[in-house]
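Heads up, the thing below is written out as structure tokens.
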Amino acid sequence: MSDTNATLVPAGYGEAEFTEKRSRFIGRVWPVKTEDEAIEHIKAMREQHWDATHNVYAYIVRENGAMRYSDDGEPQGTSGMPVLEVFRKSGVADFCCVVTRYFGGILLGAGGLVRAYSQAASSALSAAGLARLSLWRSMTLVCPYALYERVRTETENAGGVIEDTDFAADVTVRVLVEDEASAAYAGRIVDLTAGAVVPKDNGTCFRAVPVA
């Protein structure tokens, strides 16, 4: 996808848990739109896991350019920043991540902590999935069955998403394509189908659309 204004965000809530040298790590990720939402999730985890050794967090919220993290008592630089870096390297914003640790009695060392907290954040993000927040154009395509696979493949190649498919006398497909790529996409569909399929423009919407 070519929209430079597009942003990756968590597609939903994600959670992952594992044990490293008897220490229990629980990573959780939420999509958030405001810093207040992020703070509420952090507060809730501190209350739920009041008996945990650490509740490390990180978040980035585009609304006011907020970017925060906390080691919550872990050695400086071994937890909060590694969690934050997982999302920064993935290009993900509008998230809150809390990694809860129950200490198991065996020290992990600085390197071990960085790896464990990074793994917890990465696994939780994988569980949440990714969505692309962008300006999308909705289109409806009605095509003969013989052209359906061609339309589906071209939609995927254009970075589009098929929202709905209705198999009747013909196949009716509703797709979302990033707005700046939509004109070129529509033109290619017309060319590939020799004019048999002409996308109908349903207008634009700004939303987060799950991506593979």
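No value in this document is a laboratory result; all are computed from the given coordinates. Remember, it's a predicted structure, so these values are computed and weren't measured experimentally. Note that we place each Cβ from the backbone using ideal geometry, even for glycine, and neighbour counts take in every protein chain shown.
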#### Entry: Counting DSSP beta bridges with both ends in the chain, the antiparallel % (nearest 5)
100
#### Entry: Set of aspartates and glutamates near Lys33 by C-alpha distance (under 12 Å), chain-local residues within fewer than 8 positions excluded
Glu63, Asp94
#### Entry: Near-label residues of the stretch 88-122 by backbone N, under 16 Å of a point 7 Å along Cα→Cβ of Gln76
110
### Summary
FRET efficiency for Gln48 and Ser126 from the Cβ-Cβ distance with R0 = 22 Å, rounded to 0.05, comes out at 0.50
## Note on the structure
Counting only residues 5 or more apart in sequence or on a different chain, those whose built amide H sits under 5 Å from that of Val197 are none
#### Entry: Dimensionless Rg ratio for the chain, taking C-alpha atoms and the 2.2 N^0.38 Å reference
1.29
### Query
With Cβ to Cβ distances under 14 Å as the rule, what net charge do the other residues near Thr100 carry (K, R +1; D, E -1)?
-3
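What value, in deg cm²/dmol to 500, does the helix sum -39500 (n - 2.57) over DSSP H runs of n ≥ 4 give at 222 nm once divided by the residues of the chain?
On the way: 5 runs with 72 residues, N = 212.
Helices in the chain give a 222 nm mean residue ellipticity of -11000 deg cm²/dmol.
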### Task
Report the full-extension gain for the segment Arg207 to Ala146: residue separation times 0.36 nm, less the Cα-Cα distance, to one decimal in nm.
18.8 nm
#### Entry: Distance between modelled label sites at Tyr102 and Leu192, nm, 7 Å Cα→Cβ extension
5.1
### Summary
Sorted by chain and then number, the residues having a modelled amide H within less than 5 Å of the amide H of Asp71, at least 5 places away or on another chain, are Gly80
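Calculate, for Arg62 and Glu180, the FRET efficiency according to 1/(1 + (r/R0)^6) with r their C-beta to C-beta distance and R0 30 Å; round to the nearest 0.05.
Working: r = 19 Å, r/R0 = 0.65.
Once the sixth-power term is evaluated, E becomes 0.95.
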### Message
Please enumerate, by chain and number, the lysines with C-alpha under 18 Å from the C-alpha of Lys89, excluding those fewer than 8 residues away in the same chain.
### Response
none
### Query
When the chain is fully extended, how far beyond the present Cα-Cα distance does Ser90 get from Glu40, taking 0.36 nm per residue of separation?
15.6 nm
